[in-house]
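Here's the structure, in structure tokens; my notes come after.
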């Protein structure tokens, strides 16, 4: 799709991203590109507001917590907020969208695009949802969610910034690492006492360590803490994706999920995978009483990989911009 001329109004675009902070962080490069071509409305949870205010203030947010994004009881239809659903539908239809897109192969998203009245609807069909799309797209060869946003950008004739090459940056002027021990679901939580041991080893080797957890609910404060770091260490969770979005190299401890699906998109991102399990990827459920794939990762095994990664010398926080061009 060519950029509209000055004499024509830009198209109205509806983007759906109804899930977590990490998902929103992965969507932001697309949203920033889309905002140069269209009047963009994002349908997302209310926690998208501070991210848009910081990274894409020109984008309109329609806040909506979809009942099917709950971890438990998501299909107890009698408990769904039907009045809220109808209010959101009226609000979306009043905007007369020319385009609607979803990066998820999720029929519920595709139904929302049709329900909102978007005339042209792009997405990746699943379970027969191509009937709800005017332009079904093939899934990208690489399965990462960021590649789905990239494929949407290509289908619309737009472009995203390229990833920067993996070069050897200058040594940092500070040695500040933020460790975030939280996650959106218990099956992604590496034990906090093991993080404490990692923090102790880092301090012993001269790193300034800041420990954070899910008790920090203010997203602006969280992003400020992440932006001042030279490195980030954490679980497979939203803060890692926010750190990457802010230009901070990340080290992720994976358990039930796979890095090729959801690793933070930073050129210096690294990770350690959980122990093998035939049921991976498990997303937010585990077939066992506890996630053995994650709990079998001992401190020494994590430290070996982490110490090698720390030796790469990231660029200092002062040298990074708020929204790096390599994020994509």
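The values are calculated or read from the model by the stated rules, or taken from the named source; none is laboratory data. Bear in mind that the values here come from a model prediction, so they are computed numbers and not experimental data. Here the Cβ is made from the backbone with ideal geometry for all residues, glycine too, and neighbour counts use every protein chain on show.
Please determine whether any residue of the range 299-316 is modelled with pLDDT of 90 or more, surrounded by fewer than 21 Cβ atoms within 10 Å (Cβ to Cβ) and not in a helix (DSSP H, G or I).
no
Restricting attention to the range 118-135, does a residue exist that is closer than 30 Å to residue 218 by Cα and surrounded by 13 or more Cβ atoms within 10 Å (Cβ to Cβ)? If you could, list the steps in order and put the result at the bottom.
So the first thing to find is which residues in the range 118-135 are closer than 30 Å to residue 218 by Cα, and the list is none.
No, the conditions are met nowhere in the range 118-135.
Which residues, counting only those in the range 136-176, are surrounded by fewer than 16 Cβ atoms within 10 Å (Cβ to Cβ), modelled with pLDDT of 95 or more and within 19 Å of the chain's Cα centre (by Cα)?
Result: 139, single match.
Could you say whether any residue in the range 208-228 is in contact (Cβ under 8 Å) with a residue 60 or more places away in the chain and within 18 Å of residue 305 (Cβ to Cβ)?
Looking through the range 208-228, none of the residues is in contact (Cβ under 8 Å) with a residue 60 or more places away in the chain and within 18 Å of residue 305 (Cβ to Cβ).
Consider the range 129-149. How many of its residues are assigned to a helix (DSSP H, G or I) and out of contact with any strand residue (DSSP E or B) (no Cβ under 6 Å at 6 or more places or on another chain)?
Looking only at that region, the number is 8.
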